[in-house]
Amino acid sequence: MFACCEVTDVPTQCFRVEFSDALPIQFWLNDCETYNETVPEGVHERCFCHLWKCDDELKIQFTETEGDEYVLVVNDSEDNEVALIDFVSTPLNGSAEIPGVTSPITLPSLATGVNINTGGTAWTPGSNPSITQGPGIHLAASDTWGNFYSFIPGYTYEFTFDIDYNFDSNTSNNRIYFVVLDSGNNILSIIGSSVFGASSSGTYVGPVSFLALSGSVRYGIYVQSFGVGGNYTVDIDDITATQTTATIPAVPTTKWMNFASLIPSDHGICEEKIKFQVINTTESPDEVVAKSDCITISDAIPDPAVLIEYSNNRNFAGLVYENVSPEQTFNIRVPAVFFHERFPEEDEVAELSTSIITLNGEMRAQRLLDTAHMPYYMHRKIKLILKHQTVTVNSLAIAKQDAYEIDEGDRRWPLKKAKCWLTERDFVQRNVV
């Protein structure tokens, strides 16, 4: 399983599942060749196993677009399963139900309302707004009497309203509607009422539920009278509409973040080689979606390996950091020496007639990250990691200011060394005269 092998199939890409190159462990989609499986052209064939300590925590994160269930399978060098860990899935976008205002609100009183022109007869303002139609056929023959209230677009409003009304009419088919309009007096939502008989009066209690569209800034009462008759008058004694809920419809989640971690020694894994597989268990049979190359778990190997810990305030390099739990902080073992130091400095002086004086000076402290021979994907990974906002190397907080330089070396050798001077983040000394 851990030998380099020749694969003749052409690898294919699938973008349903995405693994970041900044992950501590490198993953390849199952249809793709890993580094060790690839037969390189023009260079020597050389395997690489990433070294980790037995008590290190290995963290794995990926995103996908189906909301499926996944497990992390750990196999030993004999391809036996030695551990199985469930991924924890977190939706990354989509809205759950959002509550409305913290306490019920009452819409502004219609007694202070205005005529809203919808093509009919104007209302008579006052504490009991009213409208009178002349004899004849009265079909949608009134303006709307309403007031102003800015509804939040996308929210569903649910009201219970009470209207005290009086119809003075010879017609027998009268109706009252609750309407929501935009600033151009166009009716965006209309909720129909029951039919009221001739010369009727009373209290009409009706439920209102509507989705506020963009521009919903007015509401009001709209009346109709169907049939032939003489004059009729309707007056509104009072209307109250109390907001009970205001929710926004859920938006379907289109991406999920999956997270799993393990400490090898907790599973009895130490002084051996392992390999990871990410398996989709949603449907039968299980589907292997991604795999790693070999990973060496050992405390006995004398090769030096520094521990780099890193995190970010925002999502970066394909890793998700925002609005997820647990907080995402990663660590990686890198075969490297982190010991040698230098102290870059800048000085500004002034030459006087008989002397030189120092105007200002600055000194920083840097340490050299000098890696062992590694494949290019490891160098890409380290460069992405060093660009994170918070980085420590062997518990020393650093900031990358200088270039990460990969040695050319032998052109036929696939593994390369690299060097980068890293600045100690908390050591900058300045002296200004």
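The values are calculated or read from the model by the stated rules, or taken from the named source; none is laboratory data. Being a predicted model, the structure only gives us computed values, none of them experimental. We place every Cβ from the backbone using ideal geometry, glycine too, and count neighbours over all the protein chains shown.
The table below gives the values:
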quantity	calculated
Some residue of region 6-18 being at pLDDT 90 or above and either of a type in the set (Asp, Glu) or in a loop (DSSP other than H, G, I, E, B) (or both)	yes
Condition met for Ile274 (assigned to a loop (DSSP other than H, G, I, E, B) and either buried (at least 20 other Cβ atoms within 10 Å of the Cβ) or of a type in the set (Gly, Ala, Ser) (or both))	no
Residues of region 287-310 satisfying the condition of being in contact (Cβ under 8 Å) with a residue 24 or more places away in the chain, of a type outside the set (A, V, I, L, M) and assigned to a loop (DSSP other than H, G, I, E, B)	Ser292, Asp293, Cys294, Ser298, Asp299, Asp303, Pro304
All positions within region 421-433 that are out of contact with any Asp or Glu (no Cβ under 6 Å at 6 or more places or on another chain) and either outside any loop (DSSP other than H, G, I, E, B) or not assigned by TED's automatic domain parsing to the domain that holds Tyr310 (or both)	Leu422, Thr423, Glu424, Arg425, Asp426, Phe427, Val428, Gln429, Asn431, Val432
Counted residues, region 291-338 - those being surrounded by fewer than 15 Cβ atoms within 10 Å (Cβ to Cβ), among the polar types (S, T, N, Q) and closer than 15 Å to Gln389 by Cα	2
Top-ranked residue in region 167-196 [being of a type in the set (Ser, Thr, Tyr) and either at pLDDT below 70 or not in a loop (DSSP other than H, G, I, E, B) (or both); ranked as surrounded by the most Cβ atoms within 10 Å (Cβ to Cβ)]	Ser169
Matching strands (runs of 3 or more DSSP E) fully within region 30-95 where at least 2 residues are over 30 Å from Val306 (Cα atoms)	88-91
Candidates Ala365, Ala399, filtered to the one that is over 30 Å from Ser77 (Cβ atoms), free of Cβ contacts under 8 Å to residues at least 40 places away in the same chain and not basic (Lys, Arg)	Ala399
Selection from region 375-397 of residues that are crowded, with 16+ Cβ neighbours inside 10 Å and in contact with a Lys or Arg (Cβ under 6 Å, 6 or more places away or on another chain)	Leu386
The lone exception for Glu346 - which of (1) outside any loop (DSSP other than H, G, I, E, B); (2) closer than 28 Å to Arg46 by Cα; (3) out of contact with any Phe, Trp or Tyr (no Cβ under 9 Å at 6 or more places or on another chain) it fails	(2)
One residue from Ala399, Ala403 being among the small types (Gly, Ala, Ser), assigned to a strand (DSSP E or B) and either at pLDDT below 95 or outside the structural domain of Val17 (by TED's automatic domain parsing) (or both)	Ala399
Conditions (1) surrounded by 12 or more Cβ atoms within 10 Å (Cβ to Cβ); (2) among the polar types (S, T, N, Q); (3) outside any strand (DSSP E or B): number failed by Asn360	(3)
Per-region count, region 54-88, residues of a type in the set (Ser, Thr, Tyr), surrounded by 17 or more Cβ atoms within 10 Å (Cβ to Cβ) and either within 18 Å of the chain's Cα centre (by Cα) or not assigned by TED's automatic domain parsing to the domain that holds Val17 (or both)	1
Residue in region 110-126 that is in a loop (DSSP other than H, G, I, E, B), at pLDDT 60 or above, of a type in the set (A, V, I, L, M, F, W, C) and surrounded by fewer than 21 Cβ atoms within 10 Å (Cβ to Cβ) present	yes
Conditions (1) at pLDDT below 95; (2) of a type outside the set (Asp, Glu); (3) not assigned by TED's automatic domain parsing to the domain that holds Cys47: number failed by Ser311	(1)
Pairs, first in the same structural domain as Ile85 (by TED's automatic domain parsing) in region 258-272, second assigned to a loop (DSSP other than H, G, I, E, B) and of a type in the set (Phe, Trp, Tyr), C-beta under 8 Å, six or more apart	Asn258/Phe87; Phe259/Phe87; Ala260/Phe87
